[in-house]
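**Student:** Here it is, the structure, as structure tokens.
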Amino acid sequence: MDRSGVKKRLLGLDREYGILLVIVAFIFTVPLWSRPIPGSVLHMDIVNIMCLAGTYACAVLGLNLLVGYAGQISLGHAAFFGIGAYTTAILCTRLTWYPTWLGVLSGMVLAGVIGWLVGVPVLRLKGHYLAMATLGLGEIAFILFTQLKWLTGGTVGVLNIPPLSVFGFAFDSDLKFYYLVWAVVALILLFSVNLIRSRVGRGLRALHSSEIAADAMGVPTAHYKIRVFVLSTVLAGLGGAFFAHFQRYINPETFILSLSILFVTMVVVGGMGDIWGGLVGVIFLAFLPPVIQALPEWIPGIPEGLTNFGNYQLILYGILLIVFMMFLPRGIAHGLERGAAFTNRRYRLLADHVKARKYE
Amino acid sequence: MNDDPVLLDIDGVTKRFGGLAALKDVSFTVSRGEIKALIGPNGAGKTTLFDVLTGILRPTTGRVALKGEIVLGLRPDQITDLGMIRTFQTIQLFEGMTVLENAMVGCHSRTSAGFVSCGFLMPWALGEEKLIRREATRTLEEVGLETRASEIGTNLPYGQQRMLELARALASQPDILLLDEPAAGLNQYETGELSGLLTRLRDKGLTILIVEHDMGLVMDISDEVVVLDYGEVIARGTPEVVQNDPRVIEAYLGIEAE
């Protein structure tokens with residue numbers, strides 16, 4: 001993150017921590033102003049959408065470390081999201097005494113253990129081969145979620161999952177859950193910033209650029225790849241566990257290929273190798289379906305089929321991926337930065353021009 | 001072990017790729033504090049030998065010992081940890097990273113903070129970070145790049161990129177530095193600077209094994225020269241001796257020596 005070497009500062013902090021503080025402050029205020037307005041086109045329940053986005057954010061921030069920084073692709077992260085979700089869902093519904101927070105923890109641990117078991121052999125592969133192996137992994141997980149009926153409830157899934165509660169305090173409303181999940185996301189952001197600025201972060205970026213040179217400089221590249229993969233699966237498991245306690249029911253249809261693709265699209269659209277980018281991508285894509293569903297109210301005459309997002313979401317993600325790879329390969333976050341710099345420069349030029357005219 | 005004048009002991013290293021023997025029974029030693037040059041025509045096996053020494057390739061047979069410890073079978077990063085580090089024939093700087101960050105990666109083998117302690121900003125990780133920054137800055141000063149610390153490494157002019165590769169390797173404070181054609185593409189002035197730097201480093205006690213085609217540089221700085229041809233050591237000795245060795249002349253010029 002400290003790309004320039006010169007320390008830029010914001011709010012008296014190193015730039016990254018300044019940005020983090022601004023983001024946390026903003027997220028804290030969202031529920032205060034974002035009331036759904038009944039009867040108007042702005043009837044989206046922003047807090048509800050942001051709750052879902054928060055569960056995705058856990059997974060996407062981890063995936064960004066893996067894809068954006070270490071340069072290793074995964075098209076199977078829905079599997080780990082699902083493992084986290086099923087673990088806590090099954091534990092907390094079968095064993096009624098099982099504390100939900102322990103369920104979430106168990107989901108993270110199981111996702112991490114399976115991530116490690118899978119990562120050790122799979123991360124020997126590179127590029128397309130790694131993409132295909134992780135793709136297969138996602139499919140296997142989906143089949144297991146569907147077929148292990150005695151455990152997962154088959155296509156029906158798991159119903160009546162209790163809300164998350166910690167020492168007697170239940171996060172049983174959208175608002176409570178909102179603050180919980182985004183506080184955790186803020187912690188993950190903090191962890192990511194710390195990590196990327198450290199020797200480990202430099203090691204990851206180095207192995208992304210040249211594995212041979214990173215090896216030669218003493219970076220244990222094989223170990224680093226496995227560790228960052230496991231870290232990303234633990235975070236995906238956390239996101240999935242939150243998802244289960246937020247939705248209160250889960251079924252295999254959620255944890256399919258298009259969720260894995262959605263995660264990767266969020267990373268790419270926001271900005272690979274940019275911590276804030278991951279966040280921007282999550283929020284952008286989380287609001288896309290409700291905005292599309294609201295379109296006919298804003299623009300009369302839009303065909304009904306268009307609002308049925310499920311029909312063409314993969315096509316849309318595909319188009320977004322292509323467009324961003326071609327025109328904004330470093331994502332929205334970077335594009336915004338450049339746009340701001342460009343406008344600034346134009347503005348300054350204009351000001352200089354005006355000044356010059358004045359003194360003519 | 002540390003009194004042993006032999007730092008690197010290469011003993012009977014053979015490397016076959018299918019039927020082709022890239023290295024045939026190569027043996028020589030590098031002593032502490034010397035600059036040893038490894039020369040030979042293109043395809044003689046010099047880079048292959050470097051790859052074997054640094055753990056990228058495994059030899060078919062043979063033994064390599066660093067400070068009395070066998071390094072064969074270790075991973076490249078483990079060999080770097082033991083104090084042997086290399087540079088590359090084609091520049092391999094890390095993209096998108098500043099000059100300082102590139103040099104900081106070089107400190108990897110001397111630090112140990114992991115994912116958890118870095119992510120949670122443990123005090124020892126922060127202490128290490130300070131040390132890394134200081135060491136990296138010091139090595140940049142050594143090669144004269146301190147004023148460019150905040151630029152992106154791959155944006156530097158070619159000669160300075162070579163110097164940065166050298167600085168990155170030096171940041172690990174190695175016992176022995178393996179340089180793969182460090183003067184390739186440098187102009188005369190830059191080669192002179194490099195020559196001065198390498199001699200200075202040697203005088204400070206660093207051991208250097210250098211592969212180089214620039215004979216002026218090789219003859220200038222090396223204490224001893226080993227000549228490889230078709231994977232075999234055909235001559236060794238002081239620069240003067242090697243220069244006048246008929247087999248060396250033949251290997252380079254391809255004519256029958258009289």
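None of the figures in this text is laboratory data; all of them are computed from the coordinates on show. Just so you know, these numbers come straight off a predicted model, no measurement behind them. Don't worry about glycine lacking a Cβ; one is built from the backbone with ideal geometry, like all the others, and counts go over all protein chains shown.
**Student:** Once you sort the root eigenvalues of the Cα gyration tensor of region B:67-129 as a ≥ b ≥ c, which label holds: rounded (a/c under 1.5), prolate (a/b larger than b/c) or oblate (the other case)? Please list the in-between numbers first.
**Tutor:** Numbers: a/c = 2.59, a/b = 1.26, b/c = 2.06.
Oblate, because a/c is 1.5 or more while a/b does not exceed b/c.
**Student:** Find which of B:Leu72, A:Ile196, A:Thr29 sits farthest along the positive direction of the dipole of the protein assembly as shown, computed with +1 on the beta-carbon of Lys and Arg, -1 on that of Asp and Glu, about the Cα centre.
**Tutor:** About the Cα centre, the residue reaching furthest to the positive side is A:Thr29.
**Student:** Could you tell me how many cubic angstrom of Cα convex hull volume chain B has per residue?
**Tutor:** With only Cα atoms used, chain B gives 143 Å³ per residue.
**Student:** Still on this structure, I have one more. Using the number of other C-beta atoms within 10 angstrom as an exposure proxy, rank A:Trp298, A:Trp150, A:Trp116, A:Trp276 with the fewest first.
**Tutor:** A:Trp150, A:Trp298, A:Trp116, A:Trp276
**Student:** Taking chain B as a Gaussian network, where each spring joins two C-alpha atoms under 10 Å apart, which residue of B:Asn102, B:Asn155, B:Asn244 fluctuates the most?
**Tutor:** Top of the fluctuation ranking is B:Asn244.
**Student:** Largest first and in whole Å, give the semi-axes of region A:230-360's equivalent ellipsoid, each being the square root of 5 times a Cα gyration tensor eigenvalue.
**Tutor:** They are 38, 22, 13 Å, listed largest first.
**Student:** Sticking with this one: What does the average come to when, for each residue of peptide A:207-215, you count the partner chain Cβ atoms lying within 10 Å of its Cβ?
**Tutor:** Details: counts 2, 4, 10, 6, 2, 6, 12, 6, 9.
Per residue, the average neighbour count from other chains is 6.
**Student:** Averaged over its residues, how many other protein chain Cβ atoms are within 10 Å of peptide B:109-118's Cβ atoms?
**Tutor:** So the per-residue partner count for this stretch is 5.
**Student:** Which aspartates and glutamates have a Cα lying under 16 Å from the Cα of B:Lys15, excluding residues fewer than 8 positions away in the same chain?
**Tutor:** Those aspartates and glutamates meeting the cut-off are B:Asp25, B:Asp51, B:Asp229, B:Glu232.
**Student:** Determine, for A:Tyr317, B:Tyr230, the number of other Cβ atoms within 10 Å of each Cβ, and report the residues in order from fewest to most.
**Tutor:** Ranking A:Tyr317, B:Tyr230 by Cβ neighbours within 10 Å, fewest first, gives B:Tyr230, A:Tyr317.
**Student:** About the Cα centre of chain B, what is the dipole size in debye to 20, counting +1 per Lys and Arg Cβ and -1 per Asp and Glu Cβ, all else neutral? Could the numbers behind the result be given before it?
**Tutor:** Details: 24 positive and 38 negative charges, 163 e Å.
Here chain B has a charge dipole of around 780 debye.
**Student:** Would you mind ranking B:Glu190, B:Glu95 by Cβ crowding within 10 Å, fewest neighbours first?
**Tutor:** Values: B:Glu190 17, B:Glu95 14.
Placing the least packed residue first, the sequence is B:Glu95, B:Glu190.
**Student:** For A:Met266, what is the net charge nearby, where nearby means another residue's Cβ is under 15 Å from its Cβ and Lys, Arg count +1, Asp, Glu -1?
**Tutor:** Every neighbour counted, the sum reads 0.
**Student:** As a quick test, which of the pairs B:Lys24/B:Lys46; B:Lys67/B:Lys204; A:Lys126/B:Lys46; B:Lys36/B:Lys204 have an alpha carbon distance above 22 angstrom in this structure?
**Tutor:** On the way: B:Lys24/B:Lys46 12 Å; B:Lys67/B:Lys204 18 Å; A:Lys126/B:Lys46 28 Å; B:Lys36/B:Lys204 16 Å.
Checking Cα-Cα distances, A:Lys126/B:Lys46 exceed 22 Å.
**Student:** Using a 10 Å cut-off on Cβ to Cβ distances, tally the other chain neighbours for every residue of B:92-105 and report the average as a whole number.
**Tutor:** Whole-number average of other-chain Cβ neighbours for B:92-105 is 6.
**Student:** Which order do the peptides B:174-183, A:166-175 come out in when sorted by mean C-beta neighbours inside 10 angstrom, highest first? Before the final figure, lay out each step's value.
**Tutor:** Numbers: B:174-183: 22.5, A:166-175: 12.4.
Per-residue mean Cβ counts within 10 Å order the peptides as B:174-183, A:166-175.
**Student:** Rounded to whole Å, give me the distance from the Cα center of region A:194-262 to that of region A:64-95.
**Tutor:** So the separation of the two Cα centres works out to 10 Å.
**Student:** While we're here: Using Cα pairs closer than 8 Å and at least 6 residues apart in sequence, work out the relative contact order for chain A, in percent.
**Tutor:** Computed value for chain A: 27 percent relative contact order.
**Student:** Which one, A:Leu285, A:Leu238, A:Leu13, has the greatest fluctuation when you compute a Gaussian network model over chain A with C-alpha springs under 10 angstrom?
**Tutor:** Its mean-square fluctuation being the largest, the pick is A:Leu13.
**Student:** Now a separate question. Average projected area of the Cα convex hull of the protein assembly as shown, in nm²?
**Tutor:** Reported value for the Cα convex hull: 38.6 nm².
**Student:** In the neighborhood of B:Pro157, defined by Cβ-to-Cβ distances under 14 Å, what is the net charge if each Lys or Arg adds +1 and each Asp or Glu adds -1?
**Tutor:** For residues surrounding B:Pro157, the net value is -2.
**Student:** If you don't mind, there's one more thing I want to ask. Report, largest value first, the span of the C-alpha coordinates of chain A along each principal axis, in whole Å.
**Tutor:** 85, 63, 42
**Student:** Further question on the same structure: Can you give the helix-only mean residue ellipticity at 222 nm for the protein assembly as shown, where every DSSP H stretch with n ≥ 4 adds -39500 (n - 2.57) and the sum goes over all residues, rounded to the nearest 500 deg cm²/dmol?
**Tutor:** -18500 deg cm²/dmol
**Student:** Between A:Pro290, A:Pro31, A:Pro300, where does the largest GNM mean-square fluctuation fall for chain A, given springs only between Cα atoms within less than 10 Å?
**Tutor:** Looking only at A:Pro290, A:Pro31, A:Pro300, the largest GNM fluctuation is found for A:Pro300.
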